[in-house]
Each structure stands twice: as structure tokens, then as C-alpha cells.
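Inspection log for the structure reproduced underneath, given as C-alpha cells.
Each reported figure results from applying straightforward, stated rules to the coordinates on display, with no laboratory input. What you are looking at is a predicted structure, and each value in this text was computed from that prediction instead of being measured. A quick note on method: Cβ atoms are made from the backbone with ideal geometry, for glycine too, and the neighbour counts reach across all protein chains shown.
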Amino acid sequence: MSDSQQPQVLDGLGVSPGVAIGRAVCIENEALEVYRFPLPADSVEPEIDRLREATQRARSEILATRARAEEELGSELAAIFDAQALLLSDTALLSRVETRVRNERVNAEWAVHKEADELTRQFEELDDEHFSTRSDDLRDVVRHLLRALQGVAHHDLAEMGEQVIIVAHDLTPSEAVRLVRQHVVAFALETGGQTSHTAIIARDLNIPLASGLTGVTRLVTDDDPVIVDGSAGRVILHPSSAQLDEYSLRRTAIDKRESEMLAMQLLPAVTRDGIAIDLMANIDLNEEIVDAKRFGAAGVGLYRSEFLYIERSPNLPSEEDHFKTYRHLVDEMAPHPVVIRTYDLGGRKLARDVMDTEEENPVLGLRGIRLTLARPQIFRTQLRALYRAAVDRDLWILLPMISNLDEVRQFKAFAAKIQAEMLRDGAEFNPDCKLGVMIEVPSAAMIADLLATEVDFLSIGTNDLIQYSLAVDRNNEHVSYLYRPLHPAILRMLKFVLQSARTAGIDVSMCGEMASDPLYSPVLLGMGLRSLSVTSRAIPELKSQIRQLSMSELESVADECLSLSTAAQVEAYLEEFLEDKSVTEQSAR
Ligand code: PEP
Ligand code: MG
């Protein structure tokens with residue numbers, strides 16, 4: 001695949017490890033994925049049928065929104081949607097799109113995107129307020145139409161017959177999920193931090209990702225040969241044949257190491273002095289269950305149920321959808337426990353159309369438990385399914401983004417109402433699921449002792465806890481150097497949370513990404529943590545490390561870490577500690 005152009009190396013952040021070699025597909029539109037696919041002659045008319053079907057669907061959706069708006073906001077405001085529905089009945093717009101599909105023999109998405117650009121430009125040139133409103137309407141309509149097209153037997157990147165590497169400015173978690181399902185092999189992004197949800201998805205699905213690659217979208221064009229090294233955060237455009245050989249070898253070495261590590265699956269996660277550690281899996285999508293079992297997870301410590309909503313957006317999952325998904329999960333993982341977190345939509349995981357919220361600062365807005373409690377009808381569906389799926393199974397319920405005691409109490413009151421209703425209906429359900437809260441907001445960490453008396457377990461979400469405590473956006477590559485899990489403020493909070501759980505005699509686990517990094521385990525275990533929930537692929541490495549550590553020495557390691565004043569000092573201390581260990585290990589052999 002090497003070509004005549006000179007290689008070009010770009011360095012950014014290594015976010016999801018691994019090496020991929022493929023061809024670039026650039027995502028032009030930051031908000032929606034629109035690709036250009038050439039069509040064979042006999043596919044043109046079926047493509048027009050697809051476009052017409054999608055138009056009908058988009059129109060029905062807009063009319064349904066109009067009906068809802070009329071009910072809730074009155075007919076005057078609902079009329080806004082008339083203009084949008086009209087645009088879709090407007091044969092002028094559609095016939096322009098159809099003509100483009102026929103003349104250029106391209107997919108409908110591309111034709112819609114190009115026509116919309118053209119029309120928006122014309123509206124804007126008119127410099128008239130009426131037309132600028134029209135161009136807002138047009139943007140909205142196009143969004144609906146593109147979404148509808150994606151639901152009507154849409155084209156798949158797998159059709160390209162190449163290993164596809166997505167080059168984009170930014171990707172939302174839902175876009176990442178959709179792309180991974182289309183056999184994309186790597187991502188190269190301009191923006192994004194190490195614990196963004198897109199990063200987590202990439203790691204969980206074993207897709208190399210490099211971010212912080214300023215200018216990459218300008219430098220790369222579709223079909224360029226590209227190498228992504230997700231460990232180093234490096235992207236090589238137009239690689240030479242020597243570079244291609246070098247990275248192919250690296251990829252083989254990574255695969256080999258992975259199969260060696262798989263042997264760890266059969267060994268227990270126990271320290272040298274016999275202390276057992278639970279290594280559980282974080283799961284976002286059901287296809288990850290296979291890896292959780294393959295890498296020997298002792299249960300699921302965090303199931304992010306919001307992805308069920310994101311995947312079905314713009315529709316809401318039904319009670320049956322929830323039930324089937326959860327039941328499958330608990331059945332597959334039995335006899336191990338499964339912790340299902342109620343939906344944590346909001347922040348960047350906002351399925352905006354589902355939740356009807358638009359916020360200036362969504363990370364501090366109506367997200368997590370706040371959104372759940374504010375939408376009782378939607379939450380009712382999920383909760384009923386959870387209690388049903390828990391029959392004869394070890395299913396634990398976890399609440400996200402708790403920041404005070406009242407939210408826990410409100411949840412309990414709501415849950416009691418739902419259970420009374422289920423009892424009345426004669427539904428088969430298990431009311432005795434363990435209840436836990438995420439400790440991911442600094443206020444929750446600081447009242448962990450109070451929360452611990454209200455619930456059965458705590459789960460520490462360091463991704464958000466670090467973001468909120470250190471005021472560092474987890475999605476922002478410009479401040480990722482400040483995102484330091486070993487910051488003394490974080491270590492002090494963790495110590496307090498672990499002590500609070502111990503005093504109350506309840507379980508405590510860590511499900512944030514901090515738990516996945518073997519560098520941090522000595523201090524975490526030394527402070528008393530006995531349960532880690534991590535991306536499945538991290539389990540063998542952690543297990544191998546745990547088997548080399550002795551708990552008797554870790555308490556003093558933790559004390560030493562807590563006495564240091566900066567993250568850099570703690571990091572250096574832990575590196576040295578692990579380095580000494582491996583030297584001692586080797587000389588003992
Ligand atoms: C966390 O914040 O650490 C966490 C596990 O939740 P999420 O990554 O889904 O925000
Ligand atoms: Mg979180």
C-alpha cells in the first residue's frame with residue numbers, strides 16, 4: 001500500500017493502544033457522518049426508492065414531534081414544525097437530490113448533504129431574516145433525513161473492501177459505536193482526551209485511537225494510506241514500505257503478547273500473601289460480553305446502560321428491549337454479579353433527541369440521576385425491566401452522578417412506587433437487588449460516610465471524579481496534561497471513600513479508568529481497594545501484576561504516596577517501586 005508521496009508523521013495523544021494499517025476515510029461533517037459512495041448503474045433506482053422511503057419516515061417523525069409540541073406547548077409554537085414538514089413535501093428539494101443521485105451516481109446521503117450545502121449558501125446570500133430561519137429549518141430537516149437514511153438499509157463502510165481508518169475532527173461516542181460496527185479499524189482525531197467516552201469505547205472494543213492530532217483532517221484525503229499507532233498517539237500518512245513492515249511486525253508482536261496473556265485467565269487474582277482481588281469488566285455494548293468472559297472477568301462491575309438509549313436513538317428502548325438486554329447479560333455472566341448503572345445520559349452522551357434537552361454546559365447540567373429523576377416515565381420503563389431481569393440472578397443497581405443524599409432517597413421512594421405497581425400487576429420481579437451509588441462527584445466523595453449508610457455498595461468513578469475535582473475537561477486534549485489520577489487531592493478523596501465503605505461494612509469498587517492502569521494498583525490496593533472494574537483487555541496484565549505483589553508491603557506504599565505533595569512525585573515513586581520489583585523478580589528466577 002505504500003505510495004509515491006513522502007511519509008508524514010503526526011504526533012498526538014496515545015488513547016487506545018494497538019496498531020492499524022489502512023486507508024483513510026475523512027468525516028467531513030463534524031456533526032453527522034456523510035460519506036460519498038459511487039453507485040453501480042443498476043443501484044441508482046433502488047437508491048431513489050430508499051431516499052423516498054427515508055423522506056416519508058423523516059416527515060412522519062417531524063409530524064409526530066409537531067403533535068407532541070402542540071400538546072405541550074400550544075399550536076403557535078408547533079407551527080414551527082409545519083415549515084420543516086413542508087420542506088420535505090417540497091418536490092423541488094427532493095427532485096434536486098434525486099437528480100444528483102442519478103447524474104452523479106452517488107448515494108442519497110451524499111446527494112442530500114451536497115444539495116443542502118448548496119441551498120444553505122443560496123439562502124445565506126439573500127441576507128434576509130426570513131431566509132436565514134429557512135436555512136435553520138433546512139439544517140434540521142437534513143439532519144432528520146440523514147438519520148432516516150441511515151435507518152433504511154444504509155451503506156456500510158465495509159463495502160469499501162479496505163481496512164478503514166476514520167480521520168475526523170471529533171467523534172461522539174454514538175458515532176464511534178456506529179463506525180466500529182462497520183468494521184472501522186482505527187481512529188485518528190484532532191480532539192479528545194484520554195478518558196472521553198469515545199476513548200473508552202475504542203479501548204473496550206480494541207480499536208486503536210490517537211487524538212490531539214492538530215490539522216490531521218486538513219492533511220489527509222480520502223483513500224490515503226495511513227498507519228495509526230494508538231499506544232504512542234502517532235499517525236503516519238503515506239508510510240514508506242519500511243514503515244509498513246515495521247508496523248506489521250509490531251502488530252504481530254501485540255497479537256502474540258495478547259494470546260500469551262490469555263493464559264492468565266485460568267489463574268486466580270491473588271497477591272503473594274493470599275489476598276484475593278475481584279477483577280471485573282466494564283461493559284458498554286453487549287458484544288463486549290465475549291471479551292469479558294474470554295479475559296476471565298469475575299462479573300461486570302459497570303454496565304453503562306445509556307448505550308442502549310444511544311444505540312436506539314431517536315427511539316426509546318421499550319421495557320422488553322431493556323429486559324432482554326439485561327437478562328442476556330446476567331445469564332451470560334452467571335454466577336458472577338452484574339452491576340447495571342441506570343442510564344447516565346447527558347454530558348457528551350446526551351441523546352439529545354431522546355431527552356429533549358439543550359444545555360449551555362451539559363457536563364454540569366441535567367445528566368445522570370438528575371435527568372433520570374426528571375423523566376420518571378422513561379426511568380419507570382428501565383427500572384421495571386431491571387427488577388424483572390434480576391429474578392434468580394445477582395443483579396446490582398448503580399446510580400450515576402449522585403451529588404447528595406436526597407437523590408438517593410428520592411430514588412428509593414420512586415423505586416418503592418414502581419415495586420408496589422409491579423406487585424399490583426402481578427409481575428414476576430426481584431425487589432432485593434443491591435443498590436449502590438457512583439462516587440464521581442467531589443461532593444459525593446466528601447460525604448461518602450453518609451452515603452455509605454444509605455446504600456449497599458459504592459463504585460468509584462474516577463473519570464468524572466478527576467474531571468470535576470481538578471476542573472479538567474476529560475474530553476479536552478489541551479488540558480489532558482492536568483488530568484492526573486495521582487494528584488494528592490484525588491488520593492486523599494479515595495482514601496476517605498475507601499475508609500467510609502470499610503467503616504460502614506459495605507462493598508466498594510473502582511470502575512473509572514484509573515483502575516485499569518497497573519501503575520496505580522499498588523497505591524489503590526494499599527489503600528484498601530479489593531475490587532476493580534476495568535476494560536476486559538486490562539484484566540490479564542493487572543492479574544499478572546497482582547500475583548507479584550504482597551499486600552503486606554502495599555500499605556506502606558500507599559502511606560508513602562499519601563505523604564508526597566505532587567502527582568509527579570507519586571508517579572515517580574510508583575514507577576521506581578514497580579521497577580525494583582521487576583528487577584527483584586528477575587534476579588530471583
Ligand atoms: C466515571 O466517571 O469514572 C465512570 C466510570 O463513568 P463514565 O466514564 O461513564 O462517566
Ligand atoms: Mg462518570
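May I ask for the longest run of the chain untouched by GluC sites (Glu not before Pro) that are loop-located per DSSP and have at most 11 neighbouring C-beta atoms (other than their own) within 10 Å?
Values: sites that count: E358, E360, E428.
The longest such stretch corresponds to 1-357.
Can you say what percent of the DSSP beta bridges in the chain, counting only those with both residues inside, are antiparallel? Round to 5. Mind dumping the intermediate values first?
Working: 18 of 56 bridges.
Once the DSSP bridges in the chain are tallied, antiparallel ones form about 30 percent.
Could you line up I207, I447, I460 from fewest to most neighbouring Cβ atoms inside 10 Å?
Details: I207 22, I447 18, I460 29.
The most exposed by this proxy come first: I447, I207, I460.
Find how many whole Å separate the alpha carbon centroid of segment 295-341 from the alpha carbon centroid of segment 451-516.
A separation of 23 Å, based on Cα centres.
Residue farthest toward the positive end of the dipole of the chain, with Cβ of Lys/Arg at +1 and Asp/Glu at -1: which of Q548, N475, V164?
Sorting the options by dipole projection puts first Q548.
Please list the non-local residues whose amide H lies under 5 Å from the amide H of V106, H modeled 1.01 Å from N, same-chain partners needing a gap of 5 or more.
For V106, whose amide H was placed from the backbone, the distant partners under 5 Å are L39.
Calculate for the chain the 222 nm mean residue ellipticity that helices alone would give, adding -39,500 (n - 2.57) per DSSP H run of length 4 or more and normalising by residue count, nearest 500 deg cm²/dmol. Kindly include the intermediate steps, with their values, before the conclusion.
Values: 25 runs with 299 residues, N = 589.
Here the helix-only value at 222 nm equals -15500 deg cm²/dmol.
Near K256, which lysines are there with a Cα under 22 Å away, not counting those fewer than 8 places off in the same chain?
Those lysines meeting the cut-off are K293, K543.
Size of the dipole of the chain about the Cα centre, Lys and Arg at +1 and Asp and Glu at -1 on the beta carbon, nothing else charged, in debye to 20? List each step's numbers first, then the result.
Values: 61 positive and 95 negative charges, 314 e Å.
Roughly 1500 debye for the chain.
Give the long-range amide H neighbours of A24: residues separated by 5 or more places, or on another chain, with amide H under 5 Å away, using H modelled in the peptide plane at 1.01 Å from N.
Excluding prolines and chain starts, which carry no amide H, the hits are I165, D223, D224, V226.
Order by neighbour count: L494, L63, L316, L179, fewest other Cβ atoms within 10 Å first, most last. Walk me through the intermediate numbers first.
Values: L494 28, L63 15, L316 18, L179 22.
If I rank by nearby Cβ atoms, fewest first, I get L63, L316, L179, L494.
Can you find, among A298, G365, Q382, the residue sitting farthest towards the positive end of the charge dipole of segment 290-437, where Lys and Arg contribute +1 and Asp and Glu -1 at Cβ?
About the Cα centre, the residue reaching furthest to the positive side is A298.
Sequence gap at least 6, Cα distance under 8 Å: using those rules, report the relative contact order of the chain to the nearest whole percent. Provide the component values of the computation, followed by the final result.
Working: 1072 pairs, mean separation 87.0, N = 589.
Dividing the mean separation by the residue count of the chain yields 15 percent.
Could you give me the ³J(HN,Hα) list for segment 411-419, computed from phi with Karplus coefficients 6.51, -1.76, 1.60 and θ = phi - 60°, whole Hz, x at Gly and Pro?
4, 4, 5, 5, 4, 4, 5, 5, 5
Long-range amide H contacts for S509: which residues qualify at under 5 Å (H placed 1.01 Å from N, peptide plane, sequence gap of 5 or more or a different chain)?
Under 5 Å from the amide H of S509: L458, S459, I460.
Among rounded, prolate and oblate, which fits segment 159-295 when a ≥ b ≥ c are the square roots of the eigenvalues of its C-alpha gyration tensor, a/c under 1.5 means rounded, and a/b larger than b/c means prolate? Can you show the working numbers first?
Values: a/c = 2.16, a/b = 1.64, b/c = 1.32.
It is prolate, given that a/c is not under 1.5 and a/b is the larger ratio.
Ranking T91, T453, T217, T462 by Cβ neighbours within 10 Å, fewest first, what do you get?
On the way: T91 8, T453 11, T217 20, T462 24.
Going from sparsest to densest Cβ surroundings: T91, T453, T217, T462.
Helix 91-104 against the longest principal axis of the chain: what's the angle in degrees, Cα atoms only, rounded to the nearest 10?
For 91-104 against the chain, the angle is about 80 degrees.
Rounded to the nearest 5, what % of the DSSP beta bridges within segment 140-253 are antiparallel ones? Present the calculation step by step, with values, prior to reporting the outcome.
Values: 4 of 11 bridges.
Roughly 35 percent of the DSSP beta bridges within segment 140-253 come out antiparallel.
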